[in-house]
Amino acid sequence: MSKSTYHSRLQGVLSAFAKQGRTFLLLQDVIYKICGQFTGSGIQYGPRYREHIISAVKREVRARRVLHDTAPDLECLVLTDSGQRFYNEWGTFPLYDRGDARIRSLTVPKLNQHTRVLRNVVDELQDVFYEFHFGEQNIEVEGVAATVKSLCETVDVLQGQNSELQLELNYLRADRRRLRAQLASQLPSNAPVVSNGDADCSDDDMELVI
């Protein structure tokens, strides 16, 4: 098994841990995960597997993404701040804002890939807009931000109206319970009380028989 294979598998395992919010890892747990990937794929790792994994760890230490504590009783790895960012983004395609200096360093194939990813995002947004706005046949890229802002404002208004209606409903329920309590206090103690046919109904569903 090549050293590069161990290195890529180490990065994958560290990425999985980082995405779970874990930054302190026992080395033995990391080794166990890497070996499990091999056996899970029906591949037998070689007798020098630990040596190759430690070599991969050293590469990550040199990249300042990992700190390696070699204490014999508790050998562990600690993800640095830059390591957490790296492993959280590992396996994903990074998208940069307009004007980001890193865009200038991208190769032509990477720029084309960047463009395709953005176009796919826009296409998916258009599909959503078409679903809810049947009359709009064309939505330009420049109009996406304004449309999203409009949708968010609509959602905010609806949430506010829903909160007001919920509050009004709570007041009505409280008045209902108060009126029933007043009515019940005016009836004889042996007056029968029945429900609307549901033995598990709440007090709002109870009715007094007069």
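Observations on the structure shown:
- Qualifying residue in the range 122-131 (condition: open to solvent by 70 Å² or more (accessible area, probe 1.4 Å) and modelled with pLDDT of 80 or more): no
- Meets criteria (assigned to a loop (DSSP other than H, G, I, E, B) and free of Cβ contacts under 8 Å to residues at least 24 places away in the same chain) for residue 39: no
- When the range 70-108 is limited to residues that are loosely packed, with under 12 Cβ neighbours inside 10 Å and β-branched (Val, Ile, Thr), the one that is nearest to the chain's Cα centre (by Cα) turns out to be 92.
- Any hit, the range 18-29, residues being in a loop (DSSP other than H, G, I, E, B), over 23 Å from residue 92 (Cβ atoms) and not aromatic (Phe, Trp, Tyr): no
- Any hit, the range 57-69, residues being small (Gly, Ala, Ser), over 21 Å from the mean Cα position of the chain (by Cα), in a loop (DSSP other than H, G, I, E, B) and modelled with pLDDT under 90: no
- Taking the listed residues 10, 67, the one that is open to solvent by 60 Å² or more (accessible area, probe 1.4 Å) and at negative phi is 67, with no other qualifying.
- Hits in the range 38-49 - residues which are under 18 Å from residue 11 (Cβ atoms) and surrounded by fewer than 16 Cβ atoms within 10 Å (Cβ to Cβ): 40, 41, 43
The values are calculated or read from the model by the stated rules, or taken from the named source; none is laboratory data. Note that the structure is predicted; figures quoted are calculated from it, not measured. Heads up, the Cβs are rebuilt from the backbone with ideal geometry, glycines too, and the neighbour counts pull from every protein chain shown. These accessible areas exclude ligands, DNA and RNA; they are computed on the full protein's heavy atoms, side chains included. Shrake-Rupley method; radii C 1.70, N 1.55, O 1.52, S 1.80 Å.
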